[in-house]
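The values are calculated or read from the model by the stated rules, or taken from the named source; none is laboratory data. Since the model is a prediction, treat every value here as computed from it, not as a measurement. All Cβ positions, glycine included, derive from the backbone under ideal geometry; neighbour counts span all protein chains shown.
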Amino acid sequence: MSSSFHQEDVFASYARLLLKYFLAEGIMCGHSIFLASAEVKPEQVLKDLPGPVIDDPGKGAVPPPDGEESMQIAWRYQNLPKVQPGTVSSKFGHYYDLTKTMDPGIISNTNKQLFYVPEKCSTSDGDADCTMNPAYQKLLSAVKLYIEEGQFGTATSSENRTVLRIGIHSLGSPLWGEDPGASHHGHPHPSLPRFLYCLRAILRSAFAVCTISMPTHLFQDGAFTRKIEQFCDTVVHLESFVGSDKEKNPVYKDYHGLFNIVQLPRLNSLTCHMPDSLDLAFKLRRKKFTIEKLHLPPELSETVSRSQEDPIFSAKGTDIGCGHSTGSNKLDF
């Protein structure tokens, strides 16, 4: 399967919200959950998942009338069906209400594995000669063990097998033991790229998908960020307007940030699917988080952009003709 990499916004509020959507959709679809975090306890993340919006399947259905009345004028339409079969709308996924939280009973019935770094790792686990961060090593071992025990591998067969959703919150932060300014022989330490490389190899042979949020704004080397992107299938960057000049720009007054697509997956193909538009923006409403195409507002300037006065108003009250020149309009002759 594939991995998705979210470059966090500065305050990481919107990236954490996307991770909650990813986990909530997995729970509602009956998938298994593996959640790893170093900042917030995974139990708290699950408690704050948004509640699903349960639609009434019978809502909007109009019952047929008891007696059929004959049409006197539009009698040709009398034998046509009342509802066209092509007008039935399809629904993909679930909708969630951010003002509510998910029922704890639904979460408790979900197969899940939680990985909290302060409880799994200690300061004595560090090794100067280690080629990978001890927290990354233990996380890889936990993911691999859970895939084997849950029979999510492609080489195994199971009747009740589902998809495993792996969520890793704020990977690469100092709480994971990563030092953004550290160097290894003049280059950034290769611990994080090696972890992503091993994780992608595990996902290729398992029925699992992974979403990773990472504070790339803490990395001092831009080339190191580009290298990390190569080890993920999908890369998006969340650019929040909070604290930036774009927050007061009237062009972006209807949005809270930009949803920049950096890289799209190319699984078993030479090229990737290109959407109609890459100019996407997101907005956070009271009950939902939406991503839509970026539409610029219309130009509604109250001042006249032309230097001269409008000839219609300047000619009002004067005779307009070939022999009557007012002198205020250059088009008069």
If I go through the range 1-38 residue by residue, how many of them are within 17 Å of Thr234 (Cα to Cα) and assigned to a strand (DSSP E or B)? 5
In the range 222-251, anything closer than 19 Å to Phe11 by Cα and out of contact with any strand residue (DSSP E or B) (no Cβ under 7 Å at 6 or more places or on another chain) is listed as Thr225, Val242, Gly243, Ser244, Asp245, Lys246, Glu247, Lys248
Positions within the range 182-221 being out of contact with any strand residue (DSSP E or B) (no Cβ under 9 Å at 6 or more places or on another chain), surrounded by fewer than 16 Cβ atoms within 10 Å (Cβ to Cβ) and modelled with pLDDT under 85, in sequence order: Ser183, His184, His185, Gly186, His187
In the range 245-276, anything at pLDDT 85 or above and small (Gly, Ala, Ser) is listed as Gly257
Single residue of the range 171-181 satisfying the filter (in contact with a Pro (Cβ under 9 Å, 6 or more places away or on another chain) and within 30 Å of Thr154 (Cβ to Cβ)) that is modelled with the lowest pLDDT: Gly172
Members of the range 211-239 that are in a strand (DSSP E or B) and more than 13 Å from the chain's Cα centre (by Cα): Met214
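Go through the range 34-50 residue by residue and tally those that are more than 30 Å from Gly243 (Cβ to Cβ) and surrounded by fewer than 21 Cβ atoms within 10 Å (Cβ to Cβ). Step through it out loud before you land on a result.
So in the range 34-50, the residues more than 30 Å from Gly243 (Cβ to Cβ) come out as 34, 43.
Next, only the ones that are surrounded by fewer than 21 Cβ atoms within 10 Å (Cβ to Cβ) stay: 43.
Residues meeting the conditions: 1.
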Anything in the range 139-170 that is at pLDDT 95 or above and of a type in the set (D, E, K, R)? List them, or say none. Lys144, Arg165
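Out of everything in the range 92-112 that is part of a strand (DSSP E or B) and hydroxyl-bearing (Ser, Thr, Tyr), what residue ends up being nearest to Gly30 (Cα to Cα)? Let's see the steps before the verdict.
First, pick out the residues of the range 92-112 that are part of a strand (DSSP E or B): 96-101, 112.
Applying the additional criterion that residues be hydroxyl-bearing (Ser, Thr, Tyr) yields 96, 99, 101.
Values: Tyr96: 16, Thr99: 23, Thr101: 18 Å.
Among those residues, the one meeting the criterion is Tyr96.
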Could you please let me know if Arg226 is touching a Cys at 6+ places or on another chain (Cβ under 7 Å) and among the charged types (D, E, K, R)? no
